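To keep things clear, I will list the structure first and then write my remarks on it.
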Amino acid sequence: MPNSLALAIDIGGTKIETALVDDDGHIVAQSRHRVPTGRDMDSHGLGLALEGCVMASTAKSGGTVIVGVGIGSAGPVDLAAGMILPKNLPLLRGFPVRSFVEDLVPDRPVELCLDGTCLALAEHWIGATRGTSSSMSIVVSTGVGGGIMLDGRIVFGRSGNAGHIGQIHLDRSDDGTSDGGTLEGIASGLRSVDWARRHGWSGQTGEDLGRSAGAGDAIAIAAVQRSAAAVGRAIANVATLLDLEAVAIGGGFSHVSPSYLDIVRGSARDHAVFDYSRDVAILSSGLGSDGPLIGAAALIHRPHLIGHPGEVTLASTL
């Protein structure tokens with residue numbers, strides 16, 4: 001039986017998920033619960049979902065003490081105010097998630113963090129980048145996000161939003177949108193499907209795109225290559241800037257093709273200027289879909305990895 005448990009909460013663009021995680025990073029059996037989200041979810045719906053999931057997960061503690069709660073959320077986040085401002089969940093902008101969860105789980109510390117930061121913590125703790133000092137973790141899914149470890153500590157930045165690699169610009173927009181030239185606008189599963197459909201492909205989802213690429217469809221193959229090449233180009237830029245040892249890549253769309261990571265690696269090598277950035281190890285996530293929850297738990301179980309984000313409130317400026 002574990003000595004202590006953390007309640008982990010992950011708030012994402014497609015689901016809210018909770019689980020209990022022990023101090024070795026293992027998710028407690030049958031403690032995992034989820035509710036779908038989506039752009040139409042409002043504050044009332046989020047509150048109901050959080051309450052239901054939190055109660056269901058904590059009921060599986062088996063009497064082991066829950067020492068705290070870690071929350072990872074799609075960003076941006078406002079750490080000083082304890083609020084979330086998620087780009088892809090517009091009706092939840094300004095939701096006071098930290099105080100809401102404090103009321104659900106009283107007398108326990110509640111920590112809030114960007115979901116990409118949680119992923120980087122998880123990979124550094126027990127995943128693909130364990131044993132490295134400076135690394136980045138990237139998720140390629142409906143959107144693209146990330147988190148950064150430098151010199152053995154998580155990087156928050158001024159406001160707690162460091163790691164938003166999906167919003168860096170790589171090219172001019174080719175779809176008439178303001179973010180079409182960003183990494184997320186090029187490489188995410190959603191935008192890759194949109195690109196393929198604009199070029200004549202008739203499928204509907206990222207899974208369809210993967211099947212079509214596997215069957216030899218030229219447009220689907222081009223969409224997958226376009227996504228992976230963009231991720232590699234972004235890694236070359238970030239590895240040059242930060243002198244990284246390793247990058248872990250996860251998320252459902254990173255598995256769209258068996259060749260996806262090889263394309264990423266080739267693109268990163270081709271676009272790196274210096275040898276030190278060309279040598280960065282590009283790895284598959286060691287944790288899969290468990291990463292965000294394990295990383296949220298690390299906010300409680302591994303506080304020595306946590307830096308000190310700035311106290312600037314961004315709610316009025318984002």
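Below are the figures for this structure:
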{"read-out": "Some residue of region 279-294 being over 30 Å from Ala19 (Cβ atoms), crowded, with 19+ Cβ neighbours inside 10 Å and at pLDDT 95 or above", "value": "yes"}
{"read-out": "Condition check for Arg233: part of a helix (DSSP H, G or I), more than 20 Å from Ser284 (Cα to Cα), in the same structural domain as Ala268 (by TED's automatic domain parsing) and of a type outside the set (Asp, Glu)", "value": "no"}
{"read-out": "Breaking point among (1) modelled with pLDDT of 95 or more; (2) assigned by TED's automatic domain parsing to the domain that holds Val247; (3) assigned to a loop (DSSP other than H, G, I, E, B); (4) under 26 Å from Ile27 (Cα atoms), for Thr142", "value": "(1)"}
{"read-out": "Members of region 188-224 found to be in contact with a His (Cβ under 9 Å, 6 or more places away or on another chain) and without any contact (Cβ under 8 Å) to a residue 40 or more places away in the chain, listed by number", "value": "Ile219, Ala222, Ala223"}
{"read-out": "Candidates Val238, Val247, filtered to the one that is of a type in the set (A, V, I, L, M, F, W, C), buried (at least 16 other Cβ atoms within 10 Å of the Cβ) and in a strand (DSSP E or B)", "value": "Val247"}
{"read-out": "Among residues of region 107-132, those that are among the β-branched types (Val, Ile, Thr), touching a residue at least 60 places away in the same chain (Cβ under 8 Å) and outside any helix (DSSP H, G or I), counted", "value": "2"}
{"read-out": "Filter pass, Thr142 being touching a residue at least 12 places away in the same chain (Cβ under 8 Å) and of a type in the set (Ser, Thr, Tyr)", "value": "yes"}
{"read-out": "Candidate set: region 187-203, residues that are hydrophobic (A, V, I, L, M, F, W, C) and closer than 27 Å to Gly127 by Cα; chosen: the one surrounded by the most Cβ atoms within 10 Å (Cβ to Cβ)", "value": "Ala187"}
{"read-out": "Candidate set: region 147-180, residues that are of a type in the set (Ser, Thr, Tyr) and in contact (Cβ under 8 Å) with a residue 12 or more places away in the chain; chosen: the one surrounded by the fewest Cβ atoms within 10 Å (Cβ to Cβ)", "value": "Ser173"}
{"read-out": "Matching option when the condition is assigned to a loop (DSSP other than H, G, I, E, B), surrounded by 21 or more Cβ atoms within 10 Å (Cβ to Cβ), touching a residue at least 12 places away in the same chain (Cβ under 8 Å) and of a type in the set (Gly, Ala, Ser), among Gly38, Gly75", "value": "Gly75"}
{"read-out": "Condition check for Ala49: assigned to a loop (DSSP other than H, G, I, E, B) and of a type in the set (A, V, I, L, M, F, W, C)", "value": "no"}
{"read-out": "Among (1) out of contact with any Ser or Thr (no Cβ under 9 Å at 6 or more places or on another chain); (2) part of a helix (DSSP H, G or I); (3) modelled with pLDDT of 95 or more, the one test that Ser254 misses", "value": "(1)"}
{"read-out": "Yes/no for Gly94 being at pLDDT 95 or above, of a type outside the set (D, E, K, R), under 20 Å from Pro36 (Cα atoms) and not assigned by TED's automatic domain parsing to the domain that holds Ser141", "value": "yes"}
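The values are calculated or read from the model by the stated rules, or taken from the named source; none is laboratory data. Just so it is clear, the model here is predicted, and its values are computed rather than measured. Methodologically, a virtual Cβ is constructed for each residue, glycine included, from the backbone with ideal geometry; neighbour enumeration extends over all protein chains shown.
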